[in-house]
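For reference, the structure discussed in these notes is given below.
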Amino acid sequence: MRMAVIKLVVVMAALWTAIAQAEAEVRILASPGGQVGPFLELFERVRQSGERVVIDGPCLSACTLVLSTVPSERICVTRRAMLGFHGARSVDRRGRMYAEPEASQAVLEAYPPAVRDWISRRGGLSSRLLLLRGRELAAIYPSCR
């Protein structure tokens, strides 16, 4: 009997941990982007944690790498969500910015197919900022509940 109670407690503790993980979330309220490395590290930790990602405002540039790192079924969007995409670029020692077409292609290929197709239908990744929001975004990612 005592062993059955111990097993029940262990099972319930594991279940509680799973429920707590499933309810955890990361909320993106406004991100202008930035250096790719820190975003990839952050989103890899989020992917491993099992947390859900709520996009609840602008998620621009490197922030959109969340789409290629965290499984799509763990991402949802609100009415305020907006994704902004552009081509990869680097800055040289003199502060001049230049395009990185090979990196842009690698990033494009890493996005989920529906996002990749949306970007491609608009001419691909370039210096121009492409904004995915509203009904078009809601057709790709579910609304947060």
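The values are calculated or read from the model by the stated rules, or taken from the named source; none is laboratory data. Since the structure is predicted, the reported quantities are computational estimates derived from the model, not experimental observations. Neighbour counts are summed over all protein chains in view; Cβ atoms, including those assigned to glycine, are modelled from backbone coordinates with ideal geometry. Remember, those area values only see protein heavy atoms, side chains included, never the ligands or the DNA or RNA. Shrake-Rupley method; radii C 1.70, N 1.55, O 1.52, S 1.80 Å.
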Arg27 being open to solvent by 50 Å² or more (accessible area, probe 1.4 Å) and under 12 Å from Tyr141 (Cβ atoms): no
Sort out which residues of the range 35-61 are open to solvent by 40 Å² or more (accessible area, probe 1.4 Å), under 19 Å from Ser143 (Cβ atoms) and outside any strand (DSSP E or B), and write them in order of number. Glu51
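Residue check: is Gly50 touching a helix residue (DSSP H, G or I) at 6+ places or on another chain (Cβ under 9 Å) and among the small types (Gly, Ala, Ser)?
yes
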Please state which of the following conditions Leu130 fails to meet, knowing it meets all the rest: (1) within 17 Å of Ser31 (Cβ to Cβ); (2) in contact (Cβ under 8 Å) with a residue 60 or more places away in the chain. (2)
Name the residue that is nearest to Arg27 (Cα to Cα), counting only residues in the range 103-127 that are touching a strand residue (DSSP E or B) at 6+ places or on another chain (Cβ under 7 Å) and of a type in the set (A, V, I, L, M). Ile119
